[in-house]
Amino acid sequence: MVLSGDALTKRASALGFFVLFPGFILYHTLVAMGMIPALLGGLFGVVSVMLFVVYCALLSSQLHMLLSTTRGYALLTFAFFAYVLLWAVANYGLVGGGIMRAALIQTIETLVLWLVLFIMGYRVPLDSPRLARAFWLAFALIAGYLLFHVATTGQWMFFARRMVEEGGENVSTYQGYARSALVLLVFLIAISERAVVRAGLIVLGAFVMFVLGARSELYAFLALTLVLLLLWAGMSVKYMLTLLAVIAALIAVVVSQFEALAGSRQLQVLDLSGTSSWLARQNLGQRATEQILANPLLGRFGGHISSAELRGGYAHSMLSAWVNYGLLGFVLYLGLTAVAFLGSTYRLLFVGARDARWVFAFSINFVCLLLIVLAKPVFWPLPALGWGAFANALVALRQRQSSYATQQSGPAGTRRGVPGQHDAARDSQGCNDNESGTSDLRPSTL
């Protein structure tokens, strides 16, 4: 059997989506336990480079559909990628030196991750039962292991590197774990069909995110689930009861385990002024602001390296995009996520779309927008997955509209009168009351 370029891209995206997110957690945990060697290093970078090669070979088969169905957004995304590359090369060519070289390499690495996650989000088959089963199985293993860890050790934070006596650099930090767990949970919430399943996911997901220890991802996940439940509660009494049950369950856990949780880094958000990481981030943010004010139009490419003398000395917010890529780069970077978030919000809130693609696009872009404003630098690659997810939902929408238009046209291109034509038109817009199998507005079978 010979697969088309589109089919190969979908399969590569599905496999890569699993490996880079739930697979990432499973891989690093097995490495930390000494059950497998670190054959793929840190996994995320190595697998991303492999996917980059595959996607570049298959890109021509995707460009027609991408540009014809999401022309403005796709062109804006690729224009941003091209701008960043040209900006980095130009700065290195004009200035040169070790700092510019390090900044150029960092930018190229980020561009590779952006392209991979964008194409992955654009072509991942969110309606694949096999992919859903793989994610559910991975989630069961991860949640079960973390429950076992807390029960047997009494520790409310899992830090894989502490399990390794030598070679700990091959095991991911808690940030890598949390990034992958966040995407895993967002995907499962998007494809789930029942309120009770989503409620269980939210409670268990909050536990998983808490134990993994990354504050930004934990509170972004909690904010997302609160927004989704409020949105769905306005459509269904069942979801209103679900919202109240989830809040009650989380409060009960916190109250019953307050003494054990009180000293955790996750609850340090109640008094950030005394934490060293918060103070360090404040200093980095202030330094970035000073560099922007000194040159608001062009920024200062590689300024985080020259001032802090390390590649990680960037502002932990979207200001890092302004410093490195100037005002235009900042506007494009923020604009891509904002457009994807607002577009998917419109589909969910005002059109009533309940397709998993729109829920996933809304969810991933919500957490990305929140985190790039508050906590994540431009070198954090996850926003590109949100850009791709939005493009994925747009492509599916345009294909449904095109299919409907074809069905309603006669041989001579004239429109045929068909009973139920109004409902079909609404379905092509993703807002048919019955598209989820229910007779009302309940989003219970997403």
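Figures for the structure shown
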{"read-out": "Residue list for the range 72-105, restricted to those being open to solvent by less than 30 Å² (accessible area, probe 1.4 Å) and free of Cβ contacts under 8 Å to residues at least 12 places away in the same chain", "value": "96"}
{"read-out": "Filter result for residue 19 (loosely packed, with under 15 Cβ neighbours inside 10 Å and farther than 22 Å from residue 344 by Cα)", "value": "no"}
{"read-out": "Qualifying residue in the range 326-344 (condition: open to solvent by less than 10 Å² (accessible area, probe 1.4 Å) and either in a loop (DSSP other than H, G, I, E, B) or among the acidic types (Asp, Glu) (or both))", "value": "no"}
{"read-out": "Residue in the range 19-67 that is modelled with the highest pLDDT, counting only those that are among the polar types (S, T, N, Q) and touching a Phe, Trp or Tyr at 6+ places or on another chain (Cβ under 9 Å)", "value": "29"}
{"read-out": "Subset of the range 13-35 (residues that are free of Cβ contacts under 8 Å to residues at least 60 places away in the same chain and either under 26 Å from residue 395 (Cα atoms) or acidic (Asp, Glu) (or both))", "value": "15, 19"}
{"read-out": "Residue tally, condition in contact (Cβ under 8 Å) with a residue 24 or more places away in the chain, open to solvent by less than 60 Å² (accessible area, probe 1.4 Å) and over 21 Å from the mean Cα position of the chain (by Cα), over the range 55-67", "value": "5"}
{"read-out": "From 220, 199, residue being open to solvent by less than 40 Å² (accessible area, probe 1.4 Å), modelled with pLDDT of 80 or more and farther than 29 Å from residue 44 by Cα", "value": "199"}
{"read-out": "Number of the condition not met by residue 128 [criteria: (1) surrounded by 18 or more Cβ atoms within 10 Å (Cβ to Cβ); (2) of a type in the set (Ser, Thr, Tyr); (3) within 16 Å of residue 17 (Cβ to Cβ)]", "value": "(1)"}
{"read-out": "Yes/no for residue 348 being under 26 Å from residue 214 (Cα atoms) and either touching a Leu at 6+ places or on another chain (Cβ under 9 Å) or surrounded by fewer than 24 Cβ atoms within 10 Å (Cβ to Cβ) (or both)", "value": "no"}
{"read-out": "Extreme residue, modelled with the highest pLDDT, among residues of the range 157-170 that are under 16 Å from residue 214 (Cα atoms) and either open to solvent by less than 50 Å² (accessible area, probe 1.4 Å) or in contact with a Gly (Cβ under 6 Å, 6 or more places away or on another chain) (or both)", "value": "158"}
{"read-out": "Of the criteria (1) open to solvent by less than 10 Å² (accessible area, probe 1.4 Å); (2) at pLDDT 90 or above; (3) under 16 Å from the mean Cα position of the chain (by Cα), which one residue 143 fails", "value": "(3)"}
{"read-out": "Residue selected from the range 223-258 under the condition polar (S, T, N, Q), modelled with pLDDT under 80 and part of a helix (DSSP H, G or I), by the criterion most open to solvent (accessible area, probe 1.4 Å)", "value": "256"}
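The values are calculated or read from the model by the stated rules, or taken from the named source; none is laboratory data. What you see is a predicted model; the values in this text were computed from it and never measured. Every residue, glycine as well, gets a Cβ built from its backbone with ideal geometry; the counts of neighbours run over all protein chains shown. The protein model used for the area step is the full one, side chains on, heavy atoms only, and it has no ligands, DNA or RNA in it. Shrake-Rupley method; radii C 1.70, N 1.55, O 1.52, S 1.80 Å.
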